[in-house]
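The values are calculated or read from the model by the stated rules, or taken from the named source; none is laboratory data. Everything quoted here is computed from the prediction, not taken from an experiment. Here the Cβ positions follow ideal geometry from the backbone for every residue, glycine too, while neighbour counts run over all protein chains shown.
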Amino acid sequence: MLSVERKLKIAEVVGKNGGVKTSDLSNMFSVSEMTILRDLEMLEQQGILKRVYGGAVNLKNPIKELSVILRKQLNAKEKNIIAEKAAKLISNGESIFLDSSTTAFALSKKLGPKTGLTIITNGLELLNELKNNSSINLFCPGGELQLSTMSFIGTCAEDYLKEHYVDKAFVSASGVSLQSGITVENAVQAAIKKIMFKNSLSRIILVDSSKFDVVRLSKVCALEDINTVVTDRKPDDKFLDMFKRNNIEVVY
């Protein structure tokens, strides 16, 4: 297991159980307690948990997510593949929503050749990536800056997005399920993604193959509400059948 994957699992265990012992994590991942202590130190620095004697506890913050630094490392190859394919769906002169995900950030790095785009994003890192491209009209909703995700959230951001309408919305997900639909880690991010989808002509989900058959806390929309799925590899037949029945385009 890669180091970044182990940290992600540790964060999930602490978040689910409220706390965990260092020795239990060592046994769970078959690594030394010293390795686990280094992982806990990094997660504490990112505001994910708090170290205590013999282990770690949850900070009990419902909007906390893995930091953008850690999320960038997770499935980086797959995100780049998705970004390459998603960029081909964007035509010159279109208006688009980009959420604050690291997958959308990877997509933003592929937009250099495009001209006349209007982009609205709540992601601070996306703004910094795109700000020097003079051919892009760039807009940001503002609002509360969530440091762990470097994204603007809250009622101010939501109200701004509700007043704008675009050709296409590119949104990531933490889970894709036939029963539960498109889900993410918390209601704060789900609210932003819901508005982006509602106010776009075409709803495009960016999701790597590890997210299929996964359900997270907050629902964004039903699976049949999206228009296009962009992923890194061919989904299982049960998903392909569902996509075909609902005229959902699949790009992989």
Restricting to the range 179-202, what's the tally of residues that are surrounded by 20 or more Cβ atoms within 10 Å (Cβ to Cβ), under 17 Å from ASN122 (Cα atoms) and in contact with a helix residue (DSSP H, G or I) (Cβ under 8 Å, 6 or more places away or on another chain)? 5
Of the listed residues (GLN189, GLN179, GLN146), the one being at pLDDT below 95 and closer than 19 Å to VAL207 by Cα is GLN189
Do you know which of the residues in the range 27-57 that are farther than 15 Å from ASN17 by Cβ and small (Gly, Ala, Ser) is modelled with the lowest pLDDT? GLY47
What are the residues in the range 205-223 that are in contact with a helix residue (DSSP H, G or I) (Cβ under 8 Å, 6 or more places away or on another chain) and either without any contact (Cβ under 8 Å) to a residue 60 or more places away in the chain or within 18 Å of LEU89 (Cα to Cα) (or both), if any? LEU206, VAL207, ASP208, PHE212, LEU217, SER218, LYS219, VAL220, CYS221, LEU223
Mind checking whether some residue in the range 32-39 is in contact with a Ser or Thr (Cβ under 7 Å, 6 or more places away or on another chain) and surrounded by 19 or more Cβ atoms within 10 Å (Cβ to Cβ)? yes
Near pairs, Cβ below 9 angstrom, 6+ apart or cross-chain, from the range 24-45 (within 15 Å of LEU2 (Cβ to Cβ)) to any residue that is acidic (Asp, Glu) and surrounded by 14 or more Cβ atoms within 10 Å (Cβ to Cβ): PHE29/ASP39; VAL31/ASP39
Looking at (1) surrounded by fewer than 19 Cβ atoms within 10 Å (Cβ to Cβ); (2) within 19 Å of LEU107 (Cβ to Cβ); (3) in contact (Cβ under 8 Å) with a residue 24 or more places away in the chain; (4) basic (Lys, Arg), which one does LYS131 not meet, given that it meets all the others? (3)
Would you be able to say whether some residue in the range 222-234 is at pLDDT below 95, surrounded by fewer than 17 Cβ atoms within 10 Å (Cβ to Cβ) and outside any loop (DSSP other than H, G, I, E, B)? no
Can you name the number of the only condition in (1) assigned to a helix (DSSP H, G or I); (2) farther than 20 Å from LYS88 by Cα that PHE197 fails? (2)
Hey, LEU130 in the same structural domain as GLN189 (by TED's automatic domain parsing) and in contact with a strand residue (DSSP E or B) (Cβ under 6 Å, 6 or more places away or on another chain) or not: yes
Does ASP167 count as part of a strand (DSSP E or B), modelled with pLDDT of 95 or more and not small (Gly, Ala, Ser)? yes
